[in-house]
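Computed from the coordinates by the stated procedures, all read-outs in this text should not be read as laboratory data. Everything numeric in this text was worked out from a predicted model, so none of it was measured. Cβ: placed from backbone, ideal geometry, glycine included. Neighbour counts: every protein chain shown.
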Amino acid sequence: QVQLVESGGGLVQPGGSLRLSCTASGLTFNLYTMTWYRQAPGKERELVASITRTSGTNYANSVKGRFTISRDNAENTVYLQMNSLKPEDTAVYYCNARFSTISNWGQGTQVPVSS
C-alpha cells in the first residue's frame, strides 16, 4: 500500500521560511517523479515544484528563486524549502508521486502565511 506523509506545515509570518517533507512508503521511490502542489482557498490546485528521478527540477514562476525542491532517495523523502514566504503562498500543500500512469497523493499539510 502506497503512503505519502507530508509534514512541516504551520503558521509562518511573511518573509519567513519553512521546510516541508514528504516521506513515501510502499513504492520504489527512486523511480518516481515527485511533485509539490498547493491549493489555496477558493482556487484550483496548482503545481509548485517537481523533481524527476534524475533530479531535474521544475518550478512555478510564482515561486522561482524562493522555493527549492530536493529529494533523498535513501530516505524515500522529498523536501520543499520555502523562503521569503508571502501571504499569497497560503495554501494546503500536497505531495504527489508519479510513475507512468500511476499517481499517488498525500493528505496535505497546511501553510498559513500571516502576521
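Here is how the numbers come out for the structure above:
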quantity	calculated
Added length on full extension, which subtracts the Cα-Cα distance from 0.36 nm per residue, Ser62 to Asn83	6.3 nm
J(HN,Hα) series, region 25-38, from Karplus relation 6.51 cos²θ - 1.76 cosθ + 1.60, nearest Hz, glycine and proline x	9, x, 8, 8, 3, 6, 8, 9, 7, 10, 9, 9, 10, 9
Low-density loop positions, trypsin sites (Lys or Arg not before Pro), region 32-115 - DSSP coil, at most 12 other Cβ in 10 Å	Lys43, Lys64
